[in-house]
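Data block below; observations after.
The values are calculated or read from the model by the stated rules, or taken from the named source; none is laboratory data. None of these values were measured; they are calculated from a predicted model. When we count neighbours, we look across all protein chains shown, and the Cβ atoms used for this are built from the backbone with ideal geometry, even at glycine. For accessibility, only protein heavy atoms count, side chains too; no ligands or nucleic acids. Shrake-Rupley method; radii C 1.70, N 1.55, O 1.52, S 1.80 Å.
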Amino acid sequence: MHMHPVRIAPSMLASDFSRLGAELARAEAAGADWHHVDVMDGHFVPNLTIGAPVLAALHRVARVPLDVHLMITEPLRYAPDFAKAGAHVLTFHIETCANEAAARAVVRGFRKLGIERVGVSLNPDTEVERVAPILDEVDLVLVMSVFPGFGGQKFMPQVLEKGQRLRAAGFAGLLEIDGGVNRDTIAACAGAGFDSFVMGSALYGAADMGLELAHCRARAVEARGTSSRHGSS
Ligand code: DX5
Ligand code: ZN
């Protein structure tokens, strides 16, 4: 029952921004399950990326769902724009919420907007306990394996145990990992219970994105097979 399909989500942060439509098509031809879209506000993280108008433009050409990662201090304020722009997964950071009630309000606000999959993310130095009270209300937990803000950073293996701890806490939704995931780190992620893998530089920077993605997917599938889990879907 905890076994979801392996999903690979190329992160368009690592794409060529001068030709976004063609880059999404390239990722789709390579076998992308989702497009991961990093939204940064210059407050929650020390970088600025894209907003809802660009997401809406991506949505017009994308053929796979948009996995939107909000690294912004006021997720609820901007959620209506991202919902309208076509976010399929909409993920906020637990660090932006002062307490449990605030976190629940964000989740419920996203739901009211019709978001199909509501996600919550935690930074490398944020404990799993912070998200524990809302695990029954979210569809996805996104564990950061680098400090958010920039692509191309080094994977932090010490966050892997969060996957096991979230499963031990009874979380049965999607477990996504983001930051430094590549052909060398993906097997350990899959072995720790993650099923959804954000990959920026490792895919967009590959000589052949399709080959690289297939190779990484195979490694993830194999690592799950050998870690003997249950059920499917
Ligand atoms: C980092 C972003 C990531 C980033 C991952 O703040 O959340 O999604 O694009 O890039 P890589 O895979 O290059 O670490
Ligand atoms: Zn991200």
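Checking each residue in segment 122-176 for being away from ligand 2 (no atom under 14 Å from the Cβ), open to solvent by 20 Å² or more (accessible area, probe 1.4 Å), within 21 Å of Phe44 (Cα to Cα) and touching a helix residue (DSSP H, G or I) at 6+ places or on another chain (Cβ under 7 Å) picks out only Arg130. How about segment 153-171: which of its residues are out of contact with any Leu (no Cβ under 9 Å at 6 or more places or on another chain) and in a loop (DSSP other than H, G, I, E, B)? Those that are out of contact with any Leu (no Cβ under 9 Å at 6 or more places or on another chain) and in a loop (DSSP other than H, G, I, E, B): Gln153, Lys154, Phe155, Met156, Leu160.
Could you tell me whether segment 67-89 includes any residue that is crowded, with 16+ Cβ neighbours inside 10 Å, modelled with pLDDT of 95 or more, within 25 Å of Phe194 (Cβ to Cβ) and charged (D, E, K, R)? There is at least one residue in segment 67-89 that is crowded, with 16+ Cβ neighbours inside 10 Å, modelled with pLDDT of 95 or more, within 25 Å of Phe194 (Cβ to Cβ) and charged (D, E, K, R).
Arg224 is checked against (1) more than 16 Å from ligand 2 (Cβ to nearest atom); (2) charged (D, E, K, R); (3) modelled with pLDDT of 95 or more; (4) within 29 Å of Arg26 (Cβ to Cβ) and fails just one. What number does that condition carry? Failing condition for Arg224: (3).
Is it the case that some residue within segment 93-116 is over 23 Å from Ala9 (Cα atoms), open to solvent by less than 20 Å² (accessible area, probe 1.4 Å) and not in a helix (DSSP H, G or I)? Yes, that holds for at least one residue.
On the basis of being over 16 Å from Gln164 (Cβ atoms), modelled with pLDDT of 95 or more, open to solvent by 10 Å² or more (accessible area, probe 1.4 Å) and in contact with a strand residue (DSSP E or B) (Cβ under 7 Å, 6 or more places away or on another chain), does Gly210 make the cut? Spell out how you get there, then give the answer.
Values: over 16 Å from Gln164 (Cβ atoms): yes; modelled with pLDDT of 95 or more: yes; open to solvent by 10 Å² or more (accessible area, probe 1.4 Å): yes; in contact with a strand residue (DSSP E or B) (Cβ under 7 Å, 6 or more places away or on another chain): no.
Criteria not met by Gly210.
Does any residue of segment 94-108 turn out to be more than 16 Å from the chain's Cα centre (by Cα) and of a type in the set (S, T, N, Q)? Yes, that holds for at least one residue.
When residues in segment 21-63 are screened for being within 16 Å of ligand 2 (Cβ to nearest atom) and either open to solvent by 30 Å² or more (accessible area, probe 1.4 Å) or within 22 Å of Ala79 (Cβ to Cβ) (or both), 21 of them pass.
If only one of Val64, Val54 is touching a residue at least 24 places away in the same chain (Cβ under 8 Å) and assigned to a helix (DSSP H, G or I), which one is it?
On the way: Val64 fails: assigned to a helix (DSSP H, G or I).
Going through Val64, Val54 in turn, the sole match is Val54.
Applying the condition of being free of Cβ contacts under 8 Å to residues at least 60 places away in the same chain and of a type in the set (D, E, K, R) to segment 178-207 and asking which residue is surrounded by the fewest Cβ atoms within 10 Å (Cβ to Cβ) yields Asp184.
The set of residues in segment 148-190 that are among the polar types (S, T, N, Q) and within 15 Å of the chain's Cα centre (by Cα) contains only Asn182.
Of everything in segment 1-20, what is of a type outside the set (A, V, I, L, M, F, W, C) and either within 13 Å of ligand 2 (Cβ to nearest atom) or at pLDDT 95 or above (or both)? Give them in sequence order. His4, Pro5, Arg7, Pro10, Ser11, Ser15, Asp16, Ser18, Arg19 - these are the residues of segment 1-20 that are of a type outside the set (A, V, I, L, M, F, W, C) and either within 13 Å of ligand 2 (Cβ to nearest atom) or at pLDDT 95 or above (or both).
Restricting the first residue to segment 114-141 and requiring it to be touching a residue at least 60 places away in the same chain (Cβ under 8 Å), which pairs with a second residue that is crowded, with 17+ Cβ neighbours inside 10 Å meet a Cβ separation below 6 Å and a spacing of at least six or different chains? Nothing qualifies.
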